[in-house]
Amino acid sequence: MARRSLSVRLPVRRDGIWIDSDHQPRGAALEAAGELLPVGAAFYPGVTRIPEWQYAFGIARDPETGLPRFGPPATHERELIVKVPTPAPNAALLYMLTSEVNFNDIWALTGIPVSPFDSHEEDVQITGSGGIALVAALGSETRAEGRVKVGDLVTVYSGTNDLLNPQVGNDPMYAGFSIQGYETKTGSHAQFLEVQAPQMHTIPPDLTLEQAGSYVLNLGTISRCLFTTLQIAPGRTLFVEGAATGTGLDALRSSVRTGLQVTGLVSSPERAAFITGQQGAVGAIDRKDARFAGLFTTIPEDALAARAWEAAGSPLVEAYKSLNAGKLADYVVSHAGETAFPRSFQLLAEGGSLAFYGASSGYHFSFMGKPGAAAPEDMLRTAALRGGEAVLIYYGPRSTDLLDETGLEMIEAARRFNARTLVATTTDGQREFLQSLGFEDAIEGIVSLEAIGRREGANFLWPDTMPRLPDAKVDIDAFKAAVRDYQDRVMKPFGSAVGKILRSADNPRGAPDLVIERAGQDTLGVSTSLVKPFTGRVIFAEDMAGQRFTFYAPQVWTRQRRILMPTASILGTHLCNAYEVARMNDMIAAGLLEVTEPQVVAWDGLPEAHQAMWENRHSGATYVVNHALPELGLRSRDALLEAWAAQQN
Ligand SMILES: NC(=O)c1ccc[n+]([C@@H]2O[C@H](COP(=O)([O-])OP(=O)(O)OC[C@H]3O[C@@H](n4cnc5c(N)ncnc54)[C@H](OP(=O)(O)O)[C@@H]3O)[C@@H](O)[C@H]2O)c1
């Protein structure tokens, strides 16, 4: 008998309905049998039976090929019928009344840049992060804890994590954090949603239910970004990208309320008028204005062209200053990606900080260094280096000279902090030179790039800069292949040489806690990938002026790494933790933060709302999709139950 080819795909499981023509008749039959609630149905917790099946929006695998049917939301996002989960001990089951509509959904639906199916084995990916819900059932531990009861109205935070991991004591986001609807197999664009207990939060007073179901992902991201990551203070200046919609608008409004002078980047005179006229911005910069339209590009690789790029930004710098009494931005909030980031960084004042939590226009981040130097020891103090932490120092970057005085100063500084230091030299000669200086007690080990190259041959590449990656939106396979090549030829050989030496009981992978980068090279892409996630920081001490630096954006924002330079900082930030949601809700209740009025779309209108966001032609600042609110403007659970009852009479 002929052996079956290994390339034959396994059949998809049949828990989700993905054959389009089956969908309607199956839904009707299940509804008639009482196994599926119609969309919008009243649900009385503890009384209405929890059905076996539910409607949900997402994408499914193709029944023929088994491949996910990724594509633009308008044509590829489908209503599906999937099982209703049973809540685990630390979880709860919610009946969703509304769900938040956001960009994560679009990344999941298009599979750009990664497929959400890579992290689970389901045949469908349901999207949706957050919303407002009634508690339908509780897992045993959640019930025992007693904070939430069946029937409570809760607003849903979309962060999930490994609840029992010791890292939770530092920040739950450092312990297997995943955003529901994007990095988990469940999502809130569904009638029912299983959540972990810390995802359920009480609703701030005075909000309509559609408002209460609209803000946690966007305003939560902004709350962490502004108050935890940037630690904004009144009286200072802030520049925000995409200031007329979504997270950018939340950043604008929250920082205006906190007493900052805010300038926003927008793309039309209408959006400029909206943020200055109605939202309290001191100014707007229209990126499509003829004076600026050609400026928003990545920075060219050639050194001269890079400096010309920087000089060409002066009309933008002057425009910003003229709106801000001659000052540049103390803080920048960035999310619009590789074409916006370099200019936003250019607008940063001396000593300023830029935080970013996304990269809509691409991940290849470049920036021109700022003038100013600091003593290595001062930078280690800024980075709060602790004794015993693992430090990587580059010695003799792009040079064969034996003596690198700045490198020696950096090694000395790390020694004073009792760090466990690994030095990466460019040549074997430099390694031997350092060994001859008798640094044994100051250094844990020395790796020479020349030696790695000799050992690995063509399998090792030490980059001059972060290579440009193909556009994931145009050719996802070429993009993935380029990422893999970089991983295999750059990160693996260097990372394993470093890891072997820095490995310890509490750091099994041997990732550095801190990397001292050098102004004379552009290996920030390597260092930001190698340094420990979440707590890791990359520092510079030398003057960086006139030089281009590059890195891969997701490594910094999703892992919340920090790049600390003598006169500026770049800080990765990502959603928020459950405590920050509670704190944000207190601030909303105290009138210190404001929930943006959402645009409510009907259940069936979800794919079109996603499509409008994808094409940046959306008029609403934020969207929610209505699952089961019988009318808008309700403000409490009692009002909801009464409106349902009235509907049935
Ligand atoms: N890490 C997290 O936890 C987290 C949470 C929420 C969102 N995000 C990410 O943040 C990003 C923004 O999300 P959002 O919900 O605020 O989206 P949004 O409402 O669509 O706002 C994005 C705005 O950015 C501006 N923009 C788009 N392309 C641009 C470009 N090439 N250059 C400059 N500006 C551009 C547009 O405004 P103008 O056309 O007016 O300039 C657009 O309205 C997304 O990538 C999203 O995935 C991350």
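Taken together, the values in this text are just the output of simple stated rules run on the coordinates, not laboratory data. As the structure is a computational prediction, the values presented were derived from the model and not from experiment. With ideal geometry, Cβ positions are generated from the backbone for all residues, glycine too; neighbour counts draw on all protein chains shown.
List of remarks:
- Computing FRET efficiency as 1/(1 + (r/R0)^6) for E631 and R381, where r is the C-beta to C-beta distance and R0 is 56 Å, gives about 0.45.
- Gain on full stretching of the segment that runs from R398 to R291 - 0.36 nm per residue minus C-alpha separation: 34.7 nm
- Start at zero, step by 10 Å, and the Cα-Cα distances of the range 376-542 spread as 10, 39, 36, 12, 3, 0 percent across the bins.
- Each Cα pair of the range 331-460 feeds into the Kirkwood radius, which the Stokes-Einstein equation turns, at 10 °C and 1.306 mPa s, into a diffusion coefficient of 92 µm²/s.
- Since only V526, S214, L97 are under comparison, the one whose Cα sits farthest along the positive direction of the charge dipole of the chain, derived from C-beta charges on Lys, Arg, Asp and Glu, is V526.
- Within a straight-line Cα-Cα reach of under 30 Å, K473 can be paired with the following lysines, leaving aside sequence neighbours fewer than 8 residues apart in one chain: K185, K288, K492, K532.
- Enclosed volume per residue, in Å³, of the convex hull spanned by Cα atoms of the range 277-375: 131
- Estimated translational D of the chain in µm²/s (Stokes, Kirkwood radius over Cα pairs; 25 °C; 0.890 mPa s): 93
- Per DSSP, loop GluC sites (Glu not before Pro) in the range 78-134 with at most 16 further Cβ within 10 Å: E121
- Largest-first ellipsoid semi-axes for the range 80-188, taking √(5λ) over the Cα gyration tensor eigenvalues, angstrom: 23, 18, 13
- Scattering profile of the range 197-326 at q = 0.12, 0.17, 0.20 Å⁻¹ [log10 I(q)/I(0), Debye over alpha-carbon scatterers]: -0.57, -0.97, -1.19
- Theoretical gain in end-to-end length, S496 to D464 [0.36 nm per residue, Cα-Cα removed]: 9.5 nm
- Footprinting exposure proxy for F433, F345 (fewest neighbouring C-beta atoms within 10 Å first): F433, F345
- P(r) weight above 18 Å for the range 460-546, C-alpha pairs, percent: 52
- Length added when fully stretched, E405-D22, from 0.36 nm per residue minus Cα-Cα: 130.7 nm
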